[in-house]
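Structure first, then comments.
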Amino acid sequence: MNASSASHPDREHALTILHQMLLIRRFEEKSAELYSLGKIRGFLHLYIGEEAVAVGAIPALSRDDSLVSTYREHGHALIRGMPAGAVMAEMFGKVNGCSRGRGGSMHLFDVSRRFFGGNAIVAGGLPLAVGLALADKLQGRQRVTACLFGDGAVAEGAFHESLNLAALWQLPVLFLCENNLYAMGTRIERYQSRPEIYPKAAGYGISADCVDGMDVLAVQQTAAAAVDFVRSNSRPFLLEAKTYRFRAHSMYDAELYRSKSEVEEWKQRDPINAFLAQARTKRLVNDDDIKSIDSRVATEVAEAVAFAEAGEWEPIQDVTKDVYTRFDGPTNASTVAAQTHPQVPV
Amino acid sequence: MSKVTYREAVRSALREALESDPRVFLMGEDVGKYGGSYACSKGFLDEFGPERIRDTPLSEGAFVGAGIGAAIGGMRPIVEIMTVNFSLLALDQIVNNAATLRHMSGGQISVPLVVRMATGGGRQLAAQHSHSLEGWYAHIPGIKVVAPATVTDARYMLGLALREPDPVFIFEHALLYPMEGQLGDAADLEHAAIRRAGNDVTLVTYGGSLHRSLEAAEVLASRDVDVEVVDLRSLRPIDAPTILESVANTHRAVIVDEGWRTGSLAAEISAQIMEGAFYELDAPVARVCSLEVPMPYARHLEDAALPNVERIVSAVEQLVAQHG
Amino acid sequence: MADFVMPSLGADMEAGTLVAWHKNAGQAVRRGDIIAEVETDKGIIDIEVFTSGILEQILVPVGEKVPVGTLLARIREEGQTAEEKVAAPAISVDREPPKAPAALPAVAAEKIAGPAASSTSGDVTRLPMSPSARRLARELGVDPHTVPGTGPGSAITREDIQRAAAASTAKTPPSVSQPSVPKPQPPSADQASRMRAAIAAAMARSKREIPHYYLQTTIDFHAAETWLAEENLKRPMTERLLYGVLLLKAVALALQEVPDLNAVWEGDRVQVKEAVHLGVAISVRGGGLIAPALHNATEKNIDQLMREFRDLVRRARSGGLRSSELTDPTITVTSLGEQGVEAVYGIIYPPQVALVGFGKIVTRPWSVNNAIVPRSVITATLSADHRVSDGHRGGLFLSAVDRLLQEPDKL
């Protein structure tokens, strides 16, 4: 997809965008319900309200590009093409989950789609992304590594170290910051001496831009340009998407740190409604389309749940599997020579 | 069989790795222009170029994480963290990424990363520069930890580590670099080695403490106590069968570990000996570790704090005297 | 009818207090509506409903605190859109994950398990027993060689000892002689019990055939103790002297004055021996006693005796004794001081004709220069064969031992 088609979508494209955003929305809503019922445990971080960022940016990447993400990554995973069933099953803890039930909501992985998690440590993925980009550069591959993180990560040392290193070594990393204004329960003005994020990149000699994260078409356009920049110049880029999460940080959060009126205000800018209105105005979609999409999404989500329900539990005897590449066998010098490894398609 | 220094052995190992596999590259602070803070990569920048010998900023978290990413991406990085003291800055990447990615992803990812670090005290570098935290690393499932204490191990363990599909952490005790030794032919990564055979006491140790232990064994031999010295070589996994077989013969064990005593690797080995050779023991397992103090600067204090030859001899003698 | 329950919003949320209902019974609710507010440890959280219909019945009033999972209200499902019907598949009865079995396959433990309790060291005295069981065996006077072990690898446990103690009526004698033991070999269960039988026979025979008489004397140990402390200050740890070696030398020298106690029965006659080979009773693992010889004790100085004694003990416990050491003693010295015994009346080891015993060093009131002072004293006993010596000779011997111990520097 290029920048120009991004801002002037045709009908098919509009339907795709709608479908994708609604899929995330309904999937997340269903996850909330299942969490309340005890089917999903641990932490659950919902992407509701931020759909436009994933839907706008991720399709700008090619199949060979890599993604590194955060614990609020369901939307990223779905748009990257990971089956909703595998994601749901993972959250159920079943062996047919994308990480065989070993990771849960915060650790979704799909190496075949070059989706490298799912990281529960804020900013923990940034150095990883730098490394993936380094490997691409050293092996002469024209790939982009997209690294998604929140505004909270900008305070961590890892952010600064990673940006510096990526700039110094000219690595093809797209640093994509989803600024939803809150690092868990602390608003950005309270934890950043300078709350504007994208200008910080200049301190490392990195080009940067900022976009309205509630406007899916704007995100598409800007992200496409950013990905292009990274790929052509083999240099890092920082894109800040200003967005907002309509739900709490995680399920168990009383949201004492923000007012209901603020949330309501932002809900007026719901990215799905906003795009829908636009698409209707431009006569790209009609009521039947919407019904059809709704129905399709409902089925997809239902099927995902059914897939997860039907999944098996991994036998307890296998609990120490996949800690090391060889299960339960000590390394042996004579077999090392014969060993070929990773399943990662490189 | 030739005589080389440990430093030369490490250099040879690095050189061989770089020459034999184009995916291998060395990354760390001052590995290039400076030649390596312990001179292990002197001249390599000119020889192999800046793509393969990468000086990094002082960003342990970032360059260790980048090593992980690069390993996932098909390279074979050797990350040099100048010393274990600075590795603390990279602990998140090590513990939360390197050690976990394979498991968290349900087996999809391998991280063939090698990390080398200098470790240990004894050079009056005081509290922040004298740690022996091998025990902490040996605690973590998902990584492997080795401690080459001889020139042969320093020469060959690196090559083997590079062929491992999982992260391997190599600890080089800083005092060993100038040590000379006879270079053997080969090594492996997972077996402990009997460096001195004996019948009266099993002394289990690793890394920088090996040579102090051998010295102590000589002193003890002159006093009619015959010590068997076991060099662990691999700290995770630990070669328990070799240790237990030795204890079954001697019935007494002393562990020498430069880490602090509390919660040390020595404590783990003691537990394993208790579990596996309880009925062979004639005496409780003894430990000689660093005293519970941040490493002092003054020479005599540091010497006293470290598991020195005197303390090792004394511990063995007490063990033998108590129980005949 | 759909259930609206108190949700669990986090692993550490156990209960919540209903603080507000946004709808009343009879009102319509839609999927996604916030219909209640619940107060938790973290604050008040809005709770949404996941079904559409009519709020039929509110079961938990405002102000009540209920555990997670409690039914809060019932909703009669009505007016659901087709999508909503589809979107709410019948969620199956909770398939619980498998519970961890009571005993997980102990993979790690298997790897570590060394030569569990089987004796691999070629040591006749090595019985797999825990230290605790060993101590119990000593206390109860149970010979562990006769006890079948039910622990791992047939190790003997405390229970096994207790069971054996309860079953046996006769106590085994405190001292055990092994008069003609072949070169130590790894014992089979057979061998151990055969040895036991031989010992039992020898002891019984000794008591039966030898007319024992017993003498006792309490010796002022002050001089010896003081000398020992001073000497040990001059010595490194490994060369320090134990008080027992003073006793041994004193006995050896005393025998030069009363040589008829340094003899053996050969066939039907007594043979007084010139060399003094002191049998030193050493307790070994398994609750037994072995008494190998310290050869030519009169000709060795204290340090030499100490070294040899140490070596003897080490080899006795690791099974490295030579058979000559077991057959050569001309007299045996046994010390039960460490066991806390004050005086020991032992059974003579045939073919020897005497047994010297020492108890523990105790502090007792003693008369020194007509004043009563606390003094370290030790009790020495003599068990002797009345066919060979009489009380007079025995008494001379013990007096000699006493006298010699008053001048420890001359030992």
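Some points to look at:
- Restricting the stretch C:151-164 to residues that are at pLDDT below 85 and over 11 Å from C:Pro128 (Cβ atoms), the residue that is surrounded by the fewest Cβ atoms within 10 Å (Cβ to Cβ): C:Glu159
- Filtered residues of the stretch C:283-308 (kept if modelled with pLDDT of 90 or more, surrounded by 22 or more Cβ atoms within 10 Å (Cβ to Cβ) and either touching a His at 6+ places or on another chain (Cβ under 8 Å) or facing chain B (nearest Cβ under 10 Å) (or both)): C:Ala293, C:Leu294, C:Ala297
- All positions within the stretch A:21-53 that are under 18 Å from A:His249 (Cβ atoms) and small (Gly, Ala, Ser): A:Ser31, A:Ala32, A:Ser36, A:Gly42, A:Gly49
- Residue match in the stretch B:293-311 (condition: at the interface with another protein chain (Cβ under 9 Å from one of its Cβ atoms), free of Cβ contacts under 8 Å to residues at least 12 places away in the same chain and either exposed (fewer than 15 other Cβ atoms within 10 Å of the Cβ) or in a helix (DSSP H, G or I) (or both)): no
- In the set (1) within 9 Å of chain B (Cβ to nearest Cβ); (2) surrounded by fewer than 17 Cβ atoms within 10 Å (Cβ to Cβ), A:Leu165 fails one condition alone, (2).
- Selection within the stretch A:168-194 - more than 13 Å from chain B (Cβ to nearest Cβ), polar (S, T, N, Q) and either more than 20 Å from A:Lys242 (Cα to Cα) or out of contact with any helix residue (DSSP H, G or I) (no Cβ under 7 Å at 6 or more places or on another chain) (or both): A:Thr186, A:Ser193
- Given (1) within 22 Å of B:Glu134 (Cα to Cα); (2) in a strand (DSSP E or B), number of the condition B:Leu189 does not satisfy: (2)
- Hey, B:Ala90 closer than 18 Å to B:Val31 by Cβ, touching a residue at least 12 places away in the same chain (Cβ under 8 Å) and hydrophobic (A, V, I, L, M, F, W, C) or not: yes
- Leading residue by the ranking (surrounded by the fewest Cβ atoms within 10 Å (Cβ to Cβ)) among those in the stretch B:84-122 that are within 30 Å of A:Asn96 (Cα to Cα) and more than 8 Å from chain A (Cβ to nearest Cβ): B:Val95
- Test for A:Thr335: is it modelled with pLDDT under 95 and not in a loop (DSSP other than H, G, I, E, B): yes
- The residues of the stretch C:255-270 that are among the polar types (S, T, N, Q) and either farther than 20 Å from C:Gly395 by Cα or loosely packed, with under 14 Cβ neighbours inside 10 Å (or both) amount to a single one, C:Gln256.
- Scanning the stretch B:237-256 for residues that are more than 30 Å from C:Arg315 (Cα to Cα) and in contact with a Pro (Cβ under 7 Å, 6 or more places away or on another chain) yields a total of 1.
- Residue in the stretch B:125-137 that is surrounded by fewer than 24 Cβ atoms within 10 Å (Cβ to Cβ), in contact with a helix residue (DSSP H, G or I) (Cβ under 7 Å, 6 or more places away or on another chain) and facing chain A (nearest Cβ under 8 Å) present: no
- Considering the stretch B:31-51, and only residues there that are crowded, with 19+ Cβ neighbours inside 10 Å and under 24 Å from B:Ala174 (Cα atoms), the residue that is nearest to the other protein chains (Cβ to nearest Cβ) turns out to be B:Gly32.
- Residue match in the stretch A:47-55 (condition: in contact (Cβ under 8 Å) with a residue 60 or more places away in the chain, within 25 Å of B:Met104 (Cβ to Cβ) and more than 14 Å from the chain's Cα centre (by Cα)): no
- Residues in the stretch B:1-30 that are part of a helix (DSSP H, G or I), surrounded by fewer than 14 Cβ atoms within 10 Å (Cβ to Cβ) and not hydroxyl-bearing (Ser, Thr, Tyr): B:Glu19 only.
- Evaluation of B:Pro241 against the conditions (1) modelled with pLDDT under 95; (2) within 8 Å of chain C (Cβ to nearest Cβ); (3) assigned to a helix (DSSP H, G or I) shows that the sole unmet condition is (1).
- Annotation note: of A:Gly117, A:Gly150, A:Gly101, the sole residue that is in contact with an Asp or Glu (Cβ under 6 Å, 6 or more places away or on another chain) and under 21 Å from A:Asp322 (Cα atoms) is A:Gly101.
- Residues of the stretch A:289-309 satisfying the condition of being more than 9 Å from every other protein chain (Cβ to nearest Cβ) and without any contact (Cβ under 8 Å) to a residue 40 or more places away in the chain: A:Ser292
Here is a yes/no grid of residues against (1) modelled with pLDDT of 95 or more; (2) of a type in the set (Val, Ile, Thr); (3) outside any loop (DSSP other than H, G, I, E, B):
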site	(1), (2), (3)
B:Asn85	yes, no, yes
B:Val95	yes, yes, yes
B:Arg116	yes, no, yes
B:Gln124	no, no, no
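- Pairs, first part of a loop (DSSP other than H, G, I, E, B) in the stretch A:155-171, second of a type in the set (A, V, I, L, M) and crowded, with 19+ Cβ neighbours inside 10 Å, C-beta under 7 Å, six or more apart: A:Glu156/A:Val122; A:Glu156/A:Ala123; A:Trp169/A:Leu134; A:Leu171/A:Val130; A:Leu171/A:Ala133; A:Leu171/A:Leu134
- Residue list for the stretch A:203-233, filter: touching a Phe, Trp or Tyr at 6+ places or on another chain (Cβ under 6 Å) and not polar (S, T, N, Q): A:Ala208, A:Cys210, A:Val216, A:Ala226, A:Phe229, A:Val230
- Filtering the stretch A:212-233 to residues that are farther than 11 Å from A:Leu61 by Cα and among the charged types (D, E, K, R) leaves A:Asp212, A:Asp215.
- Of all residues in the stretch A:213-244, those satisfying the criterion of being β-branched (Val, Ile, Thr) and in contact with a strand residue (DSSP E or B) (Cβ under 7 Å, 6 or more places away or on another chain) are A:Val219, A:Thr222, A:Val227, A:Val230, A:Thr243.
- Considering the stretch A:195-217, and only residues there that are among the hydrophobic types (A, V, I, L, M, F, W, C) and touching a helix residue (DSSP H, G or I) at 6+ places or on another chain (Cβ under 6 Å), the residue that is surrounded by the most Cβ atoms within 10 Å (Cβ to Cβ) turns out to be A:Val216.
- Here A:Gly150 clears all of (1) more than 12 Å from every other protein chain (Cβ to nearest Cβ); (2) crowded, with 23+ Cβ neighbours inside 10 Å; (3) among the small types (Gly, Ala, Ser); (4) under 18 Å from B:Ser59 (Cβ atoms) except the condition numbered (4).
- Residue within the stretch C:229-236 that is surrounded by fewer than 22 Cβ atoms within 10 Å (Cβ to Cβ), in the same structural domain as C:Asp390 (by TED's automatic domain parsing), within 27 Å of C:Gly395 (Cβ to Cβ) and among the acidic types (Asp, Glu) present: no
The values are calculated or read from the model by the stated rules, or taken from the named source; none is laboratory data. Keep in mind the model is a prediction, meaning the values are calculated, not measured. Counting neighbours? That spans all protein chains shown, and the Cβs are built from the backbone with ideal geometry, glycine included.
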